[in-house]
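Below: one structure, written as structure tokens.
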Amino acid sequence: MSKRLFLITVDCDLRVDATGLRQETLEQLLAVFDGSGVSGHVTWFLNENDFQLTRYHKSFLDEAIRRGDTLGLHDHLDKMKRPLNKETVKQYCQASKRRVEDFLKKRKVGRKILFHRNGCFLQEATVYAALRELGYTVCSDIYPGMAGLDHHGNIAYDNRLIPEGIRPYRHDEENYSSYFTRIRVAPIREGQGGWKPFVGHFLQVPVGYLSLKINFERVKRWLAISETVEFSCPNQTPGDFPSLFTWCFHPYEIVEEAGKRISREKVNLISQQLEVLHNQYQFTFVSLEQAVKRCEAFLPNQT
Ligand SMILES: [Zn+2]
């Protein structure tokens, strides 16, 4: 199997006015992914709190489920008062998770919701603590080399010191940016103990690129670093731990500037890019669920 895995992740913030056009963006994406042969290998992060996909976009969800795409939740906490309060965050994120779980239950889909991405890649110990209590185990918020604000001007993340090309890693609430996560283990007998690498509740799958039009220079650089340096687990991780590149964009990015209709050009760009990624870069497309399975062979949860 290819050692280069590519994750298409769509953050379902449906930021266009008309519900009909919102639905159309989702349908267009389903169609273009099907045409590119990646059905079942896509990840949808649902912003259920702001856009109620379980109410207004049922047919989209049904189709994504039928294909076996991965469903995760995408909660934007931009409007929430600072400093964030764990219970408030938990309540907010619980509401969206419950609605999606109820939707799956009604359709007798026995899937657990384990995947989460914070709005604007927000990274805060309080938020991870809430997500942990809600049963989330896989996050995808770290954006190496970048820093950003949320839509309300709050600092969302600062990952400027995290190198490009890193592979998924484990972390807990506080140490989300420690891609070299290690804990000190007290020796029970003489000669034992020491540093134990890569433990943590969450599996973090870093984001490679954000935006519809992929920066291929970054993809090239990412692969070059990833395939040269073994960041993940020196001495413990076998050399065949795949390189992962996670692409993130939004359904509204295929809408024309005026926000009234879908741009054919932008839809075509998606299939062209996927073709280049497959043919020139030898990527295999995987859903987050599939990627996690590959990673767990190398990063078993030791907690
Ligand atoms: Zn978002």
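The values are calculated or read from the model by the stated rules, or taken from the named source; none is laboratory data. As the structure is a prediction and not an experimental result, all values here were calculated from the model. No Cβ is skipped: glycine too gets one built from the backbone with ideal geometry, and neighbour counts run over all protein chains shown.
Taking the stated definitions as given, is residue 29 modelled with pLDDT of 95 or more, farther than 23 Å from residue 132 by Cα, surrounded by 18 or more Cβ atoms within 10 Å (Cβ to Cβ) and in contact with a strand residue (DSSP E or B) (Cβ under 7 Å, 6 or more places away or on another chain)? Quick ask: steps written out before the conclusion?
Values: modelled with pLDDT of 95 or more: yes; farther than 23 Å from residue 132 by Cα: yes; surrounded by 18 or more Cβ atoms within 10 Å (Cβ to Cβ): yes; in contact with a strand residue (DSSP E or B) (Cβ under 7 Å, 6 or more places away or on another chain): yes.
Answer is yes for this residue.
Kindly check whether there is at least one residue in the stretch 44-59 that is surrounded by fewer than 24 Cβ atoms within 10 Å (Cβ to Cβ), in contact (Cβ under 8 Å) with a residue 12 or more places away in the chain and aliphatic (A, V, I, L, M). Within the stretch 44-59, none of the residues are surrounded by fewer than 24 Cβ atoms within 10 Å (Cβ to Cβ), in contact (Cβ under 8 Å) with a residue 12 or more places away in the chain and aliphatic (A, V, I, L, M).
Yes/no matrix, rows are residues, columns are (1) modelled with pLDDT of 90 or more; (2) under 20 Å from residue 147 (Cβ atoms); (3) in contact with a Lys or Arg (Cβ under 8 Å, 6 or more places away or on another chain); (4) in a helix (DSSP H, G or I):
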residue	(1), (2), (3), (4)
225	no, yes, no, yes
253	yes, no, yes, yes
258	no, no, no, no
268	yes, no, no, yes
277	yes, no, no, yes
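Of all residue pairs spaced 6 or more apart or on separate chains, those with beta-carbon atoms under 6 Å, a first member in the stretch 119-141 that is polar (S, T, N, Q) and a second member that is surrounded by fewer than 21 Cβ atoms within 10 Å (Cβ to Cβ) are 126/84; 126/86; 137/114.
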